[in-house]
Amino acid sequence: MTVRVRLAPSPTGPLHIGTARTAVFNWLYARRNKGRFLLRIEDTDKERSKPEFTRNILEGLRWLGIDWDEEPVVQSARGALHRQAIADLLASGKAYRCYCSEAELEAMRNARKAAGQPPRYDNRHRHLTADQEAAFQREGREAVVRFAIDDSEEIHWHDLVRGPMAWSGRDLGGDMVIARRCPADSIGDPLYNLVVVLDDAFMDISHVIRGEDHIANTAKQLLLYRALGLKAPSFAHTPLILNRDGRKLSKRDGVTSISDFQAMGYTAEAIGNYMGLLGWSPPQGMGERFTLVEASRHFDFDRVNRAGARFDWDKLNWINGQVLHGQSSTALRAQLEPLWRQAGFTLAADPAWLDRLTGLISPSLTLLKDGVDQARPFLTTPEPDQAARDHLASEGCRAALRLLLEGLPDRFDDAAVRALLGQVAKAAGVSRGVLMKGVRAALLGSLQGPDLMASWALLSQRGEDRGRLLGAID
RNA sequence: GCCCCCAUCGUCUAGAGGCCUAGGACACCUCCCUUUCACGGAGGCGGCAGGGGUUCGAAUCCCCUUGGGGGUACCA
């Protein structure tokens, strides 16, 4: 059987990390099984759906390296088909019109709650006589369409992640609404559970891979598949991504959209790697660092965990650092350059020099944007911070720098400069450490940073060292 | 309330009855490298929620308890 999976985001917000992780699992499964990964834009919530969100979602997926194999299906374009299916269900008696008002339903729920029973619809309009219906219509009452669910119904499926699953019809909340309220002579907007079934069948989806928050929906949808005479796909319910408090990660948890992570300087590779690690574990010997393409050679549900996974910034940061550190200076420089320009740095014409600078600061990067602050003292004239100023003002420091300047060779030479450093420290009566720190303060305006000799060499190549040393002593 | 799911170091996880004195990664701590900060290297701290079974033997199987999560929409 050909594997056909899909991601069905609703464009009511930017691509969310949870949706992206679902996308990753679907994509991984499709690629692993030489199947197809499809997209369906669920834009039937007209109020909240926005084209810019669709764009954001598509761009985010592309950025992550998640490609799709067919033109995305747009759900709103299939409304007529959905309504026809509802009409058929109505005609066959599997669905019916319910004329209950919001207030009635509300009262029903409250009464059951008060009686210590689960709130649910009591199916009171399931068997209305023609006279009763006519009476409601004369009153001008609008109706929703409900799909009948018998209490005696026992629903079973084999979940690819969780194994055998069972659900009872009586726990589904009563006959389910499949079309919104509207005048009783027509059919209102088709609702989620019905539409998903219709569209998944239309797209010939073989495996539905989604978060475990959909488990109850699966029970309802299975009933719909049967009523509609459609073949049900296999289901895999993945664990949820949890926030710091162990609850389902939501938009309210701060940074949760892929575009935000991107803007913060996370690499697509790191995000993909980390999402692959949340809920799935690579086979022994594979290690924790992998690209999605690598993971796609091994992905299977037997290594998908059942418990939710807490989102851990520390781990993500570590992975991102690893990705950055593993990049060639040239590749990294290419990504840094736009950020440097954005920061207003004037870049040297010599890309080789920028490559060397990148190589120097690379190990201290966690996020791409860290490269801005790290490169700043090299690409602009630094303003010494308090600690640097204090050190320069310390006993004998400036005198030693003056002495150093006098002996500095025209052409920077590592060995010669090291030797000179020793001589000068001795002559000036300061420790080598004090001198070195002084040089660092003068050159870079800070007491901490990358390797001093390498930094110095870099600056001297741009003819920047002498002036900075001079500037520090007067 | 009701239904469902889940349960190994602080976090992510390995573990499919003896290989477990429970392994790895992140975080944390110590040391090494180093003028400094990082990076890197070497160590360390730290866990099978509890109770019953089953078995010669249980982190692994079963039951109960506890805890956590999800769902209970005329959203998706």
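Read-outs: derived from the displayed coordinates by stated rules, not from any lab. Fair warning: this is a prediction, and the values are worked out from it, not measured in the lab. In this analysis, Cβ positions are derived from the backbone assuming ideal geometry, glycine residues included, and neighbour counts consider all displayed protein chains.
Quick notes
- Applying 1/(1 + (r/R0)^6) with R0 = 45 Å to the Cβ-Cβ distance of A:E47 and A:Q335 gives a FRET efficiency near 0.70.
- Prolate/oblate/rounded label for the range A:138-218 (Cα gyration tensor, a/c 1.5): oblate
- More than 15 Å apart - percent of Cα-Cα pairs taken over the range A:370-436: 60 percent
- Taking the Cα centre of chain A as origin and assigning +1 to Lys and Arg Cβ atoms and -1 to Asp and Glu Cβ atoms, the resulting dipole is close to 400 debye.
- Here the spin labels are modelled as points 7 Å beyond Cα on the Cα-Cβ line, and at A:A427 and A:D300 they lie 7.3 nm apart.
- Listed residues A:G359, A:P377, A:S296: farthest to the positive end of the dipole of the range A:232-389 (Cβ charges): A:S296
- Diffusion coefficient of the range A:75-145 by Stokes-Einstein, Kirkwood radius over Cα pairs, 4 °C, 1.567 mPa s: 92 µm²/s.
- Cα gyration tensor category, rounded, prolate or oblate, for the range A:78-193 with a/c compared to 1.5: oblate
- Among A:H158, A:H207, the ranking by other beta carbons within 10 Å of each residue's beta carbon, starting with the fewest, stands as A:H158, A:H207.
- Taking a ≥ b ≥ c as the square roots of the eigenvalues of the alpha carbon gyration tensor, the range A:327-379 is rounded, as a/c is under 1.5.
- Residues A:W280, A:W157, arranged from fewest to most other Cβ atoms within 10 angstrom of their Cβ, appear as A:W157, A:W280.
- Unit charges at the beta carbon, dipole of chain A: most positive-side option, A:S49, A:V430, A:I86: A:V430
- Mean separation of Cα contacts under 8 Å (6+ apart) over length of the range A:327-379, as relative contact order %: 45 percent
- Separation of the range A:87-107 from the range A:418-474 is 82 Å, based on Cα centroids.
- Beyond 12 Å, the tail of the calculated P(r) for the range A:196-241 holds 59 percent of the Cα pairs.
- Across the range A:1-90, the volume of the C-alpha convex hull divided among the residues equals 114 Å³ per residue.
- For the pair A:N317 and A:E70, a Förster radius of 41 Å applied to the C-beta separation gives a FRET efficiency near 0.70, rounded to the nearest 0.05.
- The range A:327-379 - charge dipole about Cα centre, Lys and Arg +1 at Cβ, Asp and Glu -1, debye rounded to 20: 60 debye
- Potential extension, A:S101-A:R418 segment - 0.36 nm per residue separation minus Cα distance: 105.4 nm
- Separation of the range A:335-413 from the range A:39-77 is 45 Å, based on Cα centroids.
- Solvent-free Debye scattering, log10 I(q)/I(0), computed from the Cα coordinates of chain A at q = 0.08 Å⁻¹: -0.65
- The ranking of A:L324, A:L81 by Cβ neighbour count inside 10 Å, starting from the fewest, reads A:L81, A:L324.
- In chain A, helices alone account for a calculated mean residue ellipticity at 222 nm of -14500 deg cm²/dmol, with every DSSP H run of four or more residues adding -39,500 (n - 2.57).
- Taking 0.36 nm per residue of separation and subtracting the current Cα-Cα distance, fully stretching the chain between A:A87 and A:L452 would add 123.7 nm.
- Alpha-carbon Rg/Rh ratio, for the range A:386-473, with Rh computed the Kirkwood way: 0.91
- Euclidean distance between Cα centres, the range A:136-168 to the range A:238-260, Å: 30 Å
- The value of relative contact order for chain A, using C-alpha pairs under 8 Å at least six residues apart, is 12 percent.
- Computed with the Debye formula from one identical point scatterer per Cα of the range A:285-434, without solvent, the log10 of I(q)/I(0) at q = 0.21 Å⁻¹ comes to -1.25.
- Estimated at 0.36 nm per residue, the fully extended path between A:R226 and A:E395 surpasses their Cα-Cα distance by 52.1 nm.
- Label separation (A:A216 vs A:A115): 2.0 nm, computed from points 7 Å beyond Cα along the C-beta direction.
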